[in-house]
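Report on the structure given below.
The values are calculated or read from the model by the stated rules, or taken from the named source; none is laboratory data. This one's a predicted model, so the numbers in the text were calculated from it and none came from an experiment. For neighbour counting, all protein chains shown are included, and Cβ atoms are generated from backbone atoms with ideal geometry for every residue, glycine included. Side chains included, ligands, DNA and RNA excluded: accessible areas come from the protein's heavy atoms. Shrake-Rupley method; radii C 1.70, N 1.55, O 1.52, S 1.80 Å.
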Amino acid sequence: MSAQHIHILYIDDEIHNLNAFKASFRRIYTVQTAESADDAYKLLEDHEFHIIISDQRMPRMTGIEFFESILAKYPEPIRILLTGYADINAVIDAINKGQVYKYFSKPWNDEELRHNIEKAYEVYALRKENRELTEKLLDVNEKLEFLLRQKLIS
């Protein structure tokens, strides 16, 4: 899959960060941005995202709280947390509660972030392939059990 087919949602209450992210990555990826968790929820309902990147410190809801809130309904996207503050407890919570794949400090390094977006997409694609193979395996297993029962009956 080409990079352009990687769909990213970036949430940040600071518009200049959203604009900087779009300027850096919109030619490489399909990028949607949201200024709040509420805006992000609306986008999640209408679009499929492979990677969700969120700022940690936002009004009303932190990035970790946002990730935690979408985990049950949208478990597939890979989550990346950005923060301008070196808060070790936020990092620990991000990993434990929000199942965050990576954590980056602001301002981010474009090349490092791009590399990690590619790696995050590989994880997304492998998990998806794993789910699909598991479904096929269960289906084949059911058919084999059915054939075995037929053989035992006859």
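Over the chain, with a Gaussian network built from C-alpha contacts below 10 Å, which listed residue (Val123, Val31, Val140) shows the highest mean-square fluctuation? Judging by the Gaussian network model, the answer is Val140.
Too long at a 31 Å Cα-Cα cut-off: which of Lys42/Lys119; Lys22/Lys73; Lys102/Lys143; Lys73/Lys151? Long pairs (Cα-Cα over 31 Å): Lys102/Lys143; Lys73/Lys151. Look at the alpha carbon pairs under 8 Å that are at least 6 residues apart: their mean separation over the length of region 5-128 gives a relative contact order of 23 percent. Residues Leu113, Leu133 ordered from highest to lowest accessible area at a 1.4 Å probe: Leu133, Leu113. Gyration tensor over the Cα atoms of the chain: the corresponding equivalent ellipsoid has semi-axes (square roots of 5 times the eigenvalues, largest first) of 37, 17, 14 Å. A Gaussian network model of the chain, with springs between Cα atoms under 10 Å, assigns the largest mean-square fluctuation among Lys102, Lys143, Lys73 to Lys143. Across the options Leu133, Leu43, Thr30, the greatest Cα extent toward the positive end of the charge dipole of the chain (unit charges at beta carbon of Lys, Arg, Asp, Glu) belongs to Leu133.
Placing +1 on each Lys and Arg Cβ and -1 on each Asp and Glu Cβ, with no other charges, gives region 5-128 a dipole about its Cα centre of roughly 300 debye. Ligands, DNA and RNA aside, Glu132 has an accessible area near 90 Å² when probed at 1.4 Å. In the chain, the portion of solvent-accessible area held by carbon and sulfur atoms comes to 53 percent [1.4 Å probe, whole percent, DNA, RNA and ligands not counted].
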